[in-house]
Each structure stands twice: as structure tokens, then as C-alpha cells.
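Step one of this worksheet: look at the structure below.
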Amino acid sequence: MSTPNRQPFVGRWIGQTIGPLAAAHVWDVIDRGSFYEIRTRWEGEGVAHALRGRPLDDARFEIHGSEATFTATLVDPLHFIIPGWDTNDTRGFKGPEYDVVFSRPGLAELMARQVWEQTRAGLSQPRPTPNPPGLTYIDPRIRRKRVVRRA
């Protein structure tokens, strides 16, 4: 079994929520050997929180939340998508979840919606997490996302 090539995900990414108007997700992905450390913050905010991603293969990694596991899929060298990632936390995790397209900073950001429209049908949707209740995360202040079953 070979080790996934994690380099395509390493570096700065800007996430665009598909659906409602929302601040950009700013992510810095760091390769920590067996996992990614993801420093995430909203556009315009200086405080970053840490998430942990588990590489699956050259084009995918997972993030385990308390109730859902989300799969990030690299769709080309400049974009990856996480279906259902943005729950718009101001609603207290009630209501729909929205896909987020992450782009390398610059011109790639202009293509985010088009890339999502072309690839969304084949992406892995969030699924219930295997994490036991009370599992400790890198940063316990991070609110975890809930899964809303799509019809």
C-alpha cells in the first residue's frame, strides 16, 4: 500500500459557500505526516481554529466532526470541494448545509461555481461519523457540524 501524495492540498485555500452569501473560508493546510493540520478562519477575522484532516488518497481527505464525516475531493489542481461543509453557524446548526468550493487564491477563485456545477454529482456526501461521543479534538472551541439528511 502506497502513501498518498499530500502535496496537492498543502498551502493556502479560499473557500466559497455555494448558496447563500457568506464570508470566505480561509484555510492554511499543513502536512503533519499522518494528517493535515488545517488552520481555518472566516475572511476578515484574525483568529484561526485548527481542524485535522485524514488523507485517503492523492485526491481526497476526510474531516471527522462529532456527528458527520466530510470528504474533501480535489477536482483539479486549483480546486477541491467539501459537500455540506457550511452549516451557516448563525442558525445554530438548523437548516440546510451548503457545499464549499476551495480554490487557490487568485484567478482560480473566479471559477469556483463553474467547477462545482461540473463536478457536484460525483462527490461524496457527508455521512454519520464513527467518532464516539466525547472524543477530543485539536481545538475544543470549534463547533461541530450536524448531518442533515438530503432527500
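Here, each number is a calculation from the coordinates, and none is a lab measurement. Values in this document were obtained by computation on a predicted structure and should not be read as measured data. Please note: Cβ atoms are built from the backbone with ideal geometry, for glycine as well, and neighbour counts cover all protein chains shown.
Neighbouring Cβ atoms within 10 Å as the yardstick, rank Tyr36, Tyr98 fewest first. Numbers along the way, then the final one.
Values: Tyr36 22, Tyr98 17.
Going from sparsest to densest Cβ surroundings: Tyr98, Tyr36.
With the crude spin-label approximation of a point 7 Å out along Cα→Cβ, what separation in nm comes out for Asp58 versus Glu43?
3.2 nm
From the phi of every residue in region 62-72, what ³J(HN,Hα) in whole Hz does the Karplus formula 6.51 cos²θ - 1.76 cosθ + 1.60 yield, where θ is phi - 60° and glycine or proline is x?
Coupling constants for region 62-72: 10, 10, 9, x, 6, 10, 9, 10, 10, 10, 8 Hz.
What's the extension gain from Asp31 to Gln7 if we count 0.36 nm per residue and subtract their Cα-Cα distance? Write out the running numbers ahead of the final one.
Working: separation 24, 0.36 × 24 = 8.64 nm, distance 0.77 nm.
The Asp31-Gln7 span can extend by a further 7.9 nm.
Please work out how much length the chain gains when fully extended from Arg127 to Glu67, using 0.36 nm per residue of separation minus the C-alpha to C-alpha distance, in nm with one decimal.
Details: separation 60, 0.36 × 60 = 21.60 nm, distance 0.83 nm.
Full-extension gain reported as 20.8 nm.
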